[in-house]
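Chemist: Quick one: the structure is below, questions incoming.
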Amino acid sequence: AYDAWNICQGDTNVVIGISDSGLDTTVVDIMSNIKYNYADPIDGIDNDNDGFVDNYYGWNIVNNNGNIYRTVIHGTFVAGISSATTDNGSELAGVGFRCKFLPVCNQNSTLGLVGGYESIVYAADHGCQIINCSWGGISPYDPYGQDIINYATFNRGALVVAAAGNTNGQYT
C-alpha cells in the first residue's frame, strides 16, 4: 500500500460497494468514509425516489431497511481495509486511502448469506464502481449469478471482486 500511495491515493469520487455483514457504526475511521446518500435523509420518506426508504447509510437487504449496524466484525474489517480514513493519527488506514464506500448488509443473524446477488444490484445501481463480495465458500456455476455480475459489469460499469473461498482446495 505504501508504494501504491506514492502513485495514487484514491479518489473521493470512487465508491466501493461492501456487500457483507454490515458495520459497527461506532468505528469513527470507517463511518467518516461512507458514501452518504444526502438525498435521502432518515425521515421515513423515500426522498430520492429510488425505491428505498431512508437509505442514507446504505442498505440492509436482509431486513429491507437502512439499518446497516451489526456487531459482526467481518463487514467492518472489510470496510476498514478498503476505506478507513487515512493520515488522521488513528489506528486504521484503508488501502483505498480517499475512496468512499457503500455498505450493503446481506447476512442474517446466523451469518447466513441472504440476498447476495441483490446486494450486488443495489451497489451497482447506487453508483459503486467496485463491488467487494468476500463471501467465501464453494458453489457450482450459477447462470443467474453470472447474469447479475454481467449486469453490474456491462450495464453499470462496476468491477465485481469476489473471494475465492476459505479452504486450501482448488477451485474450477
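The values are calculated or read from the model by the stated rules, or taken from the named source; none is laboratory data. Quick caveat: nothing in here was measured; it's all calculated off a predicted structure. Methodologically, a virtual Cβ is constructed for each residue, glycine included, from the backbone with ideal geometry; neighbour enumeration extends over all protein chains shown. Just so you know, the surface numbers come from the protein's heavy atoms only, side chains and all, with ligands and any DNA or RNA stripped out. Shrake-Rupley method; radii C 1.70, N 1.55, O 1.52, S 1.80 Å.
Chemist: Looking for something within 24 Å of ASN37 (Cβ to Cβ), surrounded by fewer than 19 Cβ atoms within 10 Å (Cβ to Cβ) and of a type in the set (Ser, Thr, Tyr) - is there at least one such residue anywhere in segment 107-116?
Modeler: Within segment 107-116, not a single residue is within 24 Å of ASN37 (Cβ to Cβ), surrounded by fewer than 19 Cβ atoms within 10 Å (Cβ to Cβ) and of a type in the set (Ser, Thr, Tyr).
Chemist: Is it the case that some residue within segment 85-93 is more than 23 Å from VAL28 (Cβ to Cβ), over 13 Å from the mean Cα position of the chain (by Cα), in contact (Cβ under 8 Å) with a residue 24 or more places away in the chain and buried (at least 18 other Cβ atoms within 10 Å of the Cβ)? Walk me through how you get there before you give the answer.
Modeler: Of the residues in segment 85-93, the ones more than 23 Å from VAL28 (Cβ to Cβ) are none.
Taking every residue of segment 85-93 in turn, none turns out to be more than 23 Å from VAL28 (Cβ to Cβ), over 13 Å from the mean Cα position of the chain (by Cα), in contact (Cβ under 8 Å) with a residue 24 or more places away in the chain and buried (at least 18 other Cβ atoms within 10 Å of the Cβ).
Chemist: If you take the residues of segment 31-75 that are of a type in the set (Ser, Thr, Tyr) and out of contact with any Ser or Thr (no Cβ under 8 Å at 6 or more places or on another chain), which of them is farthest from ASP11 (Cα to Cα)? Write out each step before concluding.
Modeler: Filtering segment 31-75 for residues of a type in the set (Ser, Thr, Tyr) gives 32, 36, 38, 56-57, 69, 71.
So of that shortlist, the ones also out of contact with any Ser or Thr (no Cβ under 8 Å at 6 or more places or on another chain) come out as 36, 38, 56, 71.
Values: TYR36: 15, TYR38: 19, TYR56: 21, THR71: 28 Å.
Among them, the one singled out is THR71.
Chemist: Continuing with this model, one more query. Report yes if GLY169 is small (Gly, Ala, Ser), outside any strand (DSSP E or B) and at pLDDT below 95, otherwise no. It would help to see each step written out before you state the result.
Modeler: Values: small (Gly, Ala, Ser): yes; outside any strand (DSSP E or B): yes; at pLDDT below 95: yes.
Yes, satisfied.
Chemist: Tell me yes or no: at least one residue of segment 32-54 is assigned to a loop (DSSP other than H, G, I, E, B), modelled with pLDDT under 95 and of a type in the set (Val, Ile, Thr).
Modeler: Taking segment 32-54 and keeping what is assigned to a loop (DSSP other than H, G, I, E, B), we get 32-33, 35-54.
Applying the additional criterion that residues be modelled with pLDDT under 95 yields 32-33.
Then drop every residue that is not of a type in the set (Val, Ile, Thr), which leaves none.
No; the residues of segment 32-54 include none that is assigned to a loop (DSSP other than H, G, I, E, B), modelled with pLDDT under 95 and of a type in the set (Val, Ile, Thr).
Chemist: Then there is this: Kindly indicate whether PHE77 is of a type in the set (A, V, I, L, M, F, W, C), within 17 Å of LEU23 (Cβ to Cβ), open to solvent by 30 Å² or more (accessible area, probe 1.4 Å) and not in a loop (DSSP other than H, G, I, E, B).
Modeler: Values: of a type in the set (A, V, I, L, M, F, W, C): yes; within 17 Å of LEU23 (Cβ to Cβ): yes; open to solvent by 30 Å² or more (accessible area, probe 1.4 Å): yes; not in a loop (DSSP other than H, G, I, E, B): yes.
Taking the combined requirement at face value, the residue satisfies it.
Chemist: Name the single residue that is modelled with the highest pLDDT among those in segment 134-166 being open to solvent by 60 Å² or more (accessible area, probe 1.4 Å) and among the polar types (S, T, N, Q).
Modeler: Step by step, filter segment 134-166, then rank; the result is ASN155.
Chemist: Out of the residues in segment 8-58 that are among the aromatic types (Phe, Trp, Tyr) and open to solvent by 60 Å² or more (accessible area, probe 1.4 Å), which is farthest from ALA152 (Cα to Cα)?
Modeler: In the first step, residues of segment 8-58 are kept if they are among the aromatic types (Phe, Trp, Tyr); the result is 36, 38, 52, 56-57.
The next check asks that each one be open to solvent by 60 Å² or more (accessible area, probe 1.4 Å); those that pass are 38, 57.
Values: TYR38: 23, TYR57: 21 Å.
Once the filter is applied, the top-ranked residue is TYR38.
Chemist: Would a scan of segment 30-40 turn up a residue that is closer than 26 Å to GLY116 by Cα, under 11 Å from the mean Cα position of the chain (by Cα) and of a type in the set (A, V, I, L, M)?
Modeler: We begin by selecting, within segment 30-40, every residue closer than 26 Å to GLY116 by Cα; these are 30-40.
Next, from what is left, pick out any that are under 11 Å from the mean Cα position of the chain (by Cα): 34-35.
Filter once more, keeping what is of a type in the set (A, V, I, L, M): 34.
The answer is yes, given that some residue of segment 30-40 is closer than 26 Å to GLY116 by Cα, under 11 Å from the mean Cα position of the chain (by Cα) and of a type in the set (A, V, I, L, M).
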